[in-house]
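What follows is a short report on a single structure.
The values are calculated or read from the model by the stated rules, or taken from the named source; none is laboratory data. It should be emphasised that the depicted structure is a prediction, and the values quoted were computed from it without experimental measurement. Here Cβ is always computed from backbone atoms with ideal geometry, including for glycine, and neighbour counts include all displayed protein chains. Each accessible area value is taken on the protein alone, full model and side chains, heavy atoms only, with ligands, DNA and RNA left out. Shrake-Rupley method; radii C 1.70, N 1.55, O 1.52, S 1.80 Å.
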Amino acid sequence: MALSVSKVARNVPPAETRAGRGPKRRWWPDRVTQLLFVLPAVVYLCLFFGYPLVKNVIMSFQNYTTSTFFTGYAPWVGFANYVSVFKNSLFQTTVINTVLFTVGSIAGQFVIGMALALFFKRRFPLNGILRSLLLLPWLLPLIASSSIWKWMLDQDSGVLNQTLLFFHVIASPVPWLSSPNVALASVIMVNIWLGIPFNATLLYSGLQGVPEELYEAASLDGATGWKAFRYITWPTLRPVVSVVLVLGVVYTLKVLDIILGLTGGGPANATQTLATNSYQQSFVQFSFGTGAAISNILVATSLAFALVYLRLNRRAIDE
Amino acid sequence: MKTNRLVAAVAIAAAFPLALTACGSSAPAGGSSAGAAGKGLSLTIEDYYQPPQAATYDKIYKACATALGDTITSTHVPGASLITKVLQQETSKTLPDVLMLDNPDVQQIASSGALTPLSDYGITGQGVEQEVLAAGSLNGKLYGLAPGVNSLGLFYNKDKLAAAGLTPPTTWAELASDAKKLTGNGTYGFAFAGTNTYEGTWQFMPWMWSNGGTETQLNSPQNAQALDFLASMVKDGSVSASVVGWGQGDALNQFTAGKAAMMENGPWQIPSLKAVKGLNFGYVPLPASAAGGKSVAPLGGETFTVPSTGNTAKEAAAGKIVACINSPANEMTIAAENNYIPSNPTIAATFGKSDPDLAPFVSIVADARSRTGLLGTKWPTVGTEIYQAEQLALTGKATGAAALAQVVANNS
């Protein structure tokens, strides 16, 4: 979607070249008019994106505590918050967890999403209904779905363990959320379930853009099935794929609600990520400076991926 | 025309925040006639009580305000968001005239200067349980006073214990062996809240205290032993491994569903327990670490405070409201209707005679200890260390001693 919009924008001659031509009929230069059109957007960005971001950066260099809210006094502490974050052994755990969570979630979401997108590309009865049912995880409130997953994953009476035990798939109940060794995998599994609609929908719409003639021509040359996917679908779909992946990474890095709902970062910090740890520092321990420091690290990471996204986007257009 | 539109836009923008505040679950209480007559103040009070408990408090707030010739409007916010709301109100200088705070939060908020000392209004807390005062005080000044308190005890399923030929355990060793005997056929012997929140800390503190441990010296053999004891019951299967994710409501659900024969929980659960048909339950103090030892329970309950709003007339009136909520008659009402124990031991003794259900908790509370009496504003840090250590021990990631050493080293 973003691609097509940018393409359209490119076909329109830039406003600047048109402005300046012709006689000046107004007492203010056209430039001012142009800037006035941009102003609302600039004000909006500064107010709702710039201010919080700058405030968060400043906060991370302050000893910002509960008292600060009343007195407004937050002493400048330099990099002390960052030092305490890096020194804490929990930081290493949260970084590893964040990487595993992100990579695991994206890999699962993407592979299953792609498979479903390819599947739904075929014409068969009930295709439309099934495809809309696929969106279900997306439509449910996150808190509700994580509570229900928590019940289903309960070690003693959860439906998942009961079912697996009934069919003798497992010999003893799996401690889905109560063992530090399994909990992260369970949380990733739930997040994959949640991310499939996003991946499947975007990839499906990307597949609509692959010209049918290419497949017809290729099938004459004997390229069907896997070969058709490898040499036609994949190359044509690549710009969409990179967008899906990069957006997926940015969305997954900041996941908070699912983890809080399922495990609260536990057991024994096994599912603690940068996002949940930042939340804990700020809103549980009321150490707002440390919380801000962690969230800045997260913001910087997301920003790096966002830049990758913009670059890929540009390259896709240039191609 | 253009100016008119601008004015309209500004008016809409100005009305927007008003519309937002109107969305809060505010319920005007108190004789509005007093306000309409032009005398008397209109006060605000904020708490985290939900129905049906909230009704009891609204009734008391209204009566107290009417007696003063004032009106009062109460706002009930969800428990988890109270502190964030208070912090916002501190910044925007819109704190309510009377503020309810859970007792471990009082010192944290008082240390910012947002609360006024209750001595300004002649409230000394005389006659109130010493530990209740300790929880509500900072640097020797009383900021919050609780009309009712609660604690934790050992709830047991009478039928299950009788079937196994057991009596309620009084020592750790008995608890462990009884729990093991009661385990089987889809039932665990014991349940508690081991979750990674302050709820887990609250439920763990009695075990460390009963063993002679303290929160100011976290890395001690006594505390390590307490962790190892609870972990040993998880390890031998008499406590479900899921306990690391359980809050007190989850422990209650396990107990009422017959999946736990005993549980650690508080008197506020008694109405829910009584509502379960065929559940025959009893409760005793939590077991002591050894025979002849003393069981120390934690002190829970909410205090009422007077925030510093700058309006002296309203602050004085708020002080009177706090005194009124803590009056003997209201302590009795709150205790009877909401399953609390009056914070004044004399009143508690009278109450114990009138309410045999809660009588065991009257003696438990008499020896109970507050979580923040020693810690003060260090509560958020140490409270977190305690539940983190408990998580490490219960999941078998570390022994009690190693778990404590690890969390203490991490935060030093």
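Side notes on the structure shown:
- Distance between modelled label sites at B:Gln50 and B:Ser81, nm, 7 Å Cα→Cβ extension: 1.2 nm
- Estimated FRET transfer efficiency (A:Ala185, A:Leu130; beta-carbon r; R0 35 Å; 0.05): 0.80
- Under 18 Å from the Cα of B:Lys180 - lysines, other chains or at least 8 residues apart: B:Lys158, B:Lys160, B:Lys235, B:Lys259
- Bins of 10 Å from zero: percent of alpha-carbon pairs in region B:212-296: 14, 39, 36, 10, 1
- One equal scatterer on each Cα of region B:160-277, no solvent, Debye formula: the resulting log10 I(q)/I(0) at q = 0.11, 0.20, 0.22, 0.23 Å⁻¹ is -0.36, -1.17, -1.36, -1.45.
- With the convex hull of its Cα atoms as the shape, region A:85-204 has an orientation-averaged projected area of 9.8 nm².
- Computing Rg and the Kirkwood Rh from the Cα coordinates of chain B gives a ratio, Rg/Rh, of 1.03.
- Computed over region B:69-177, the ratio Rg/Rh where both radii use C-alpha atoms and Rh is Kirkwood: 1.17
- Distance from region B:147-179 to region B:39-82 (C-alpha centre basis), Å: 38 Å
- Average beta carbon contacts from partner chains per residue of A:282-289, 10 Å cutoff: 4
- Residues in region B:86-111 reached by a label modelled at B:Asn311 [backbone nitrogen below 20 Å; 7 Å Cα→Cβ]: B:86-101
- Amide H contacts of B:Thr71 (H built 1.01 Å from N, under 5 Å, at least 5 apart or other chain): B:Leu41, B:Ser42, B:Leu43
- Rounded to the nearest Hz, the phi-derived 3J(HN,Hα) couplings of region A:233-244 under the Karplus curve 6.51 cos²θ - 1.76 cosθ + 1.60 (θ = phi - 60°) are 4, 4, x, 5, 7, 3, x, 5, 4, 5, 5, 4, where x marks glycine and proline.
- Here the protein assembly as shown is described by how far its Cα atoms reach on the three principal axes: 91, 75, 51 Å, from widest to narrowest.
- Binning the alpha carbon pair distances of region B:286-412 at 5 angstrom intervals from zero yields the distribution 2, 9, 12, 13, 14, 14, 12, 10, 8, 4, 1, 0, expressed in whole percent.
- With a simple spin-label model that places each label point 7 Å from the Cα along the Cα-to-Cβ direction, the separation between A:Trp28 and A:Trp226 comes to 6.5 nm.
- Per residue convex hull volume, Cα atoms of region B:127-223, in Å³: 166 Å³
- Distance from region B:365-382 to region A:33-68 (C-alpha centre basis), Å: 39 Å
- Potential lengthening between A:Phe283 and A:Leu307 on full extension [0.36 nm per residue; Cα-Cα distance subtracted]: 5.6 nm
- Multiplying the residue separation of B:Ala366 and B:Val408 by 0.36 nm and subtracting their alpha-carbon distance yields 12.0 nm.
- The charge dipole of the protein assembly as shown, taken about its Cα centre with unit charges on the Cβ atoms of Lys, Arg (+1), Asp and Glu (-1) only, comes to about 2880 debye.
- Fraction in percent of alpha-carbon pairs per bin - 10 Å, region A:146-259: 12, 29, 21, 21, 15, 2
- The equivalent ellipsoid of region A:28-156 has semi-axes of 41, 31, 16 Å, largest first, where each one is the square root of 5 times an eigenvalue of the Cα gyration tensor.
- Each peptide in B:134-144, A:138-148, A:211-221 gets a packing score, the mean of other Cβ atoms within 10 Å over its residues, and the list from highest to lowest is B:134-144, A:138-148, A:211-221.
- Relative frequency of Cα-Cα separations exceeding 11 Å in region B:175-221, percent: 73 percent
- Kirkwood Rh in Å, taken over all unlike Cα pairs in region A:207-277: 15.2 Å
- Projecting the Cα positions of A:Leu202, A:Tyr73, B:Phe281 onto the charge dipole of the protein assembly as shown (unit charges on Cβ atoms of Lys, Arg, Asp and Glu, taken about the Cα centre) puts A:Leu202 furthest along the positive direction.
- For a label point 7 Å along the Cα-to-beta-carbon line of B:Ala290, residues of region B:158-178 with backbone N under 20 Å: B:169-178
- Packing-based order for A:291-302, B:155-166, using average beta carbon neighbours within 10 Å, highest first: A:291-302, B:155-166
- Exercise: per-residue mean of other protein chain Cβ atoms within 10 Å, B:59-68: 0
- Taken over the alpha carbons of region B:251-341 as equal point scatterers, the Debye sum produces base-10 log I(q)/I(0) values at 0.11, 0.25, 0.26 Å⁻¹ of -0.55, -1.25, -1.28.
- Taking a Cβ cut-off of under 11 Å around B:Val77, the surrounding Lys, Arg, Asp and Glu residues balance to a net charge of -1, with basic ones at +1 and acidic ones at -1.
- Divide the volume of the convex hull around the Cα atoms of region A:83-318 by the residue count and you get 159 Å³ per residue.
- Peptide B:387-398 - average C-beta neighbours from other chains (10 Å radius): 4
- Prolate/oblate/rounded call for region B:325-382, Cα gyration tensor, a/c under 1.5 rounded: prolate
- Look at where the Cα atoms of region A:239-257 and of region B:89-131 average out, and the two centres are 46 Å apart.
- In the context of the full set of protein chains, chain B has a per residue accessible area of 40 Å² (1.4 Å probe).
- Spin-label model distance (nm) - A:Tyr215 vs B:Ala329, 7 Å beyond Cα toward Cβ: 8.2 nm
- Estimated FRET transfer efficiency (B:Lys181, B:Lys378; beta-carbon r; R0 35 Å; 0.05): 0.30
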